[in-house]
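Report on the structure given below.
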Amino acid sequence: MIPTTLKALDEEAIPVFITQDAQQLAQGFASQQATPAKSNQVYRNTLAVLAVKNYLQILGISTDVAHCDSWNPMMRVMVNTADLDIVGQGRLECRPLSTEELQANPPTCYIPTEVQGDRIGYVVVHLEETEATLLGFAPNVDAEQFPLSQLQPFSDLLPHIHRVTLEDVEAKITTLSNWFNSAVEAGWYALEDLLKTPEMLVQYRQSSRASSESRQRAKVISSTTETDILLVGTITAPTDFTAANTPMGIQLKIHPSAPQSDLPSGLQLRLFDETGTTLMEAINTENHRLVKLDFEAEIGDRFDIQIQWPNIQGEHTVITERFVV
């Protein structure tokens with residue numbers, strides 16, 4: 001039974017019948033997994049995505065599962081994801097909720113760290129044997145255990161989707177050349193503000209490109225009690241870098257913020273062009289404290305990087321950052 005604090009939310013919840021076709025598709029995805037726990041996770045994630053997809057389809061909202069991580073066999077293995085692409089808007093995360101979680105005190109929904117921050121919203125879907133209930137949604141999430149008491153009514157989701165535009169997505173792209181004009185996107189800081197000791201600052205500055213036309217910024221991509229994992233970007237340009245076809249030096253590094261700390265074993269840093277083609281990659285195989293890529297690009301070039309490493313659940317933490325020079 002829904003806790004008293006969620007009665008109002010329950011009154012606006014949307015029941016969706018789980019079809020036999022949905023069950024068969026979810027079972028097919030689940031059968032490809034290596035362990036019973038992973039099979040169950042994929043089965044429930046798939047049902048949650050299909051429940052939201054089917055209801056949005058009734059409302060005339062276009063969705064595309066073909067380009068979702070939840071429909072990608074490799075990504076399903078590595079990541080706990082239940083994403084659904086809303087055409088022209090971005091991706092919703094459709095998180096399954098068990099009856100046990102719903103009856104907990106207080107009730108919370110588990111939302112993995114790797115799916116936080118790259119979604120236009122989060123829908124909580126209570127799954128039962130033949131019925132899914134769309135309980136509500138959250139525009140943003142910043143913790144793995146999200147309190148259901150903070151959910152907004154599902155009826156507010158559609159206005160929220162319509163408010164999200166492609167410009168909002170573009171705003172998440174880091175424009176490196178703007179750093180020369182002191183225009184820095186939220187989340188990026190001076191390196192000295194994030195490193196734990198002055199000695200580390202000297203060490204990592206010595207390993208960076210040395211140029212009066214260089215700009216460097218850093219951001220935290222993951223935190224633990226011992227250290228933060230930092231992404232450090234450095235852009236180096238000739239004097240007249242506004243000229244067409246002028247190559248710019250780009251360096252991207254991953255390293256811990258604390259002394260005597262190592263990067264996760266197996267951490268991978270990959271560079272993709274705007275078509276999704278892999279251009280470069282670096283892999284931490286022996287607990288090195290630094291993984292980096294060096295390359296050149298021109299004004300207007302777009303690229304993505306993906307950082308991933310195995311987590312304690314046996315899956316992968318995956319973080320994507322988008323850039324334009």
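The values are calculated or read from the model by the stated rules, or taken from the named source; none is laboratory data. What you see is a predicted model; the values in this text were computed from it and never measured. When the accessible area is computed, the model is the full protein with side chains, heavy atoms only, and any ligands, DNA or RNA have been set aside. Shrake-Rupley method; radii C 1.70, N 1.55, O 1.52, S 1.80 Å.
With θ taken as phi - 60° and the Karplus curve 6.51 cos²θ - 1.76 cosθ + 1.60 applied, the whole-hertz 3J(HN,Hα) list for region 103-120 is 8, 5, 10, x, x, 9, 10, 7, 10, x, 4, 5, 10, 8, x, 10, 9, 8 Hz, x standing for glycine and proline.
If you take every DSSP beta bridge fully contained in region 41-142, what fraction is antiparallel? Give it as a percent rounded to 5.
Antiparallel: roughly 65 percent of the beta bridges in region 41-142.
Using C-alpha pairs under 8 Å with a sequence gap of at least 6, the mean separation divided by the residue count of region 1-101 gives a relative contact order of 22 percent.
So how much slack lies between Ile221 and Gln27, counting 0.36 nm per residue of separation and subtracting their Cα-Cα distance, in nm? Show your work: numbers first, answer last.
Values: separation 194, 0.36 × 194 = 69.84 nm, distance 3.38 nm.
The Ile221-Gln27 span can extend by a further 66.5 nm.
How high is the relative contact order of region 75-157, in percent, with contacts defined as C-alpha pairs under 8 Å that are six or more residues apart? This gives 26 percent for region 75-157.
By the gyration tensor of its Cα atoms, with a ≥ b ≥ c the square roots of the eigenvalues, what is the shape of region 33-108: rounded for a/c under 1.5, prolate for a/b over b/c, or oblate? Note, shape of region 33-108 comes out oblate. Computed 3J(HN,Hα) for region 293-302, one whole-Hz value per residue from the Karplus formula 6.51 cos²θ - 1.76 cosθ + 1.60 where θ = phi - 60°, is 10, 10, 7, 10, 8, 10, 3, x, 5, 10, glycine and proline marked x. Using 0.36 nm per residue and subtracting the Cα-Cα separation, the extra length available between Thr99 and Asp156 on full extension is 18.2 nm.
In this entry, region 36-179 is assigned a mean projected area of 9.8 nm², taken as a quarter of its C-alpha convex hull surface. As a quick test, which of the pairs Lys172/Lys253; Lys38/Lys172; Lys38/Lys253 have an alpha carbon distance above 27 angstrom in this structure? Checking Cα-Cα distances, Lys38/Lys172; Lys38/Lys253 exceed 27 Å.
Rolling a 1.4 Å probe across all protein chains gives Thr285 an accessible area of roughly 90 Å². Computed with a 1.4 Å probe on the full set of protein chains, the accessible area for Trp188 sits at about 20 Å². In the context of the full protein assembly, Met74 retains an accessible surface of approximately 130 Å², using a probe radius of 1.4 Å and ignoring ligands and nucleic acids.
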